[in-house]
Structure formats: structure tokens, C-alpha cells
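Notes for the one structure printed next.
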Amino acid sequence: MSIIVYQSVMIVKFDFPFWYNTIPLTISAISLFMFFKELRIKNEKIKNVILKIAPLTFAVYLLHEHPLVRERLYKFIVNTCAKYNCNDFLMLFGFAIAIYIVACVIEAIRRKILYSIENKFLKNDTQFK
């Protein structure tokens, strides 16, 4: 019993700064939001890329943090790293980029399908009025 209590206290003690409802994390999030709110990008190519990717980003978060996806994804990453002995930062960064790109593609496909369905029903709806 004491081992369980000790482990739960250690988890709370060391995981607390990374919880989503802490004051430092909230201040950091607000500061980051304010920084990007005031940021002006003058390069049109970069601005266009950001404008195309930005709407997909929240879906990337939702997709890779879904409990079923997260469990399988992390197991895949851990197994791959164990198999190929990839303890370096570049390999983990590569996984992060790959996850982001794949999730963006999935979200872009989902949006195209749903927009085409929505447009089809809107066309049919206006014909009957």
C-alpha cells in the first residue's frame, strides 16, 4: 500500500508543472497567443503557407491525442525506437514532423469530403425553394 501511495505522490509531485490547468502554463499560453496576435508576416509565400496550414492544426492535436490513436501511436514510436536504437533527438523530431504531416493530410481529405457533401446538399436544398 505504501508503494502505491509513494508512486502516486511522486507522479503528482513531478507531473504537476505539465498539467493543463496550472497558472504558469496558462500564463505561457496567453503570452504565446498575444505574441502571435501581434506578429506581422511580410513575406507573402510564408503567409500563404501559414494560412493554409493553420486551420488544420487543431485537428492534428485532436487526432494524435485521441486515446485510441495516442496509445497505438506511442507504442509504434517506442517499438520503432527500440528496434532501430533511435535515442537521438533528430529521430523523435522526425516522428513529430511525420505525425503532423499525416494528420494534416487526413484533415485536408476530411474537409474536402465534408465540403463536397455539404455543397451537394446546399445545392439540392436551394432547388426546392
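When the test is whether a residue is at pLDDT below 85, surrounded by 10 or more Cβ atoms within 10 Å (Cβ to Cβ), assigned to a helix (DSSP H, G or I) and among the hydroxyl-bearing types (S, T, Y), S8 passes it.
Among the residues of the stretch 58-69, the ones that are closer than 13 Å to R111 by Cβ and free of Cβ contacts under 8 Å to residues at least 12 places away in the same chain come to 1 in all.
The values are calculated or read from the model by the stated rules, or taken from the named source; none is laboratory data. What you see is a predicted model, and the numbers here were worked out from it, not measured in a lab. Neighbour counts are summed over all protein chains in view; Cβ atoms, including those assigned to glycine, are modelled from backbone coordinates with ideal geometry.
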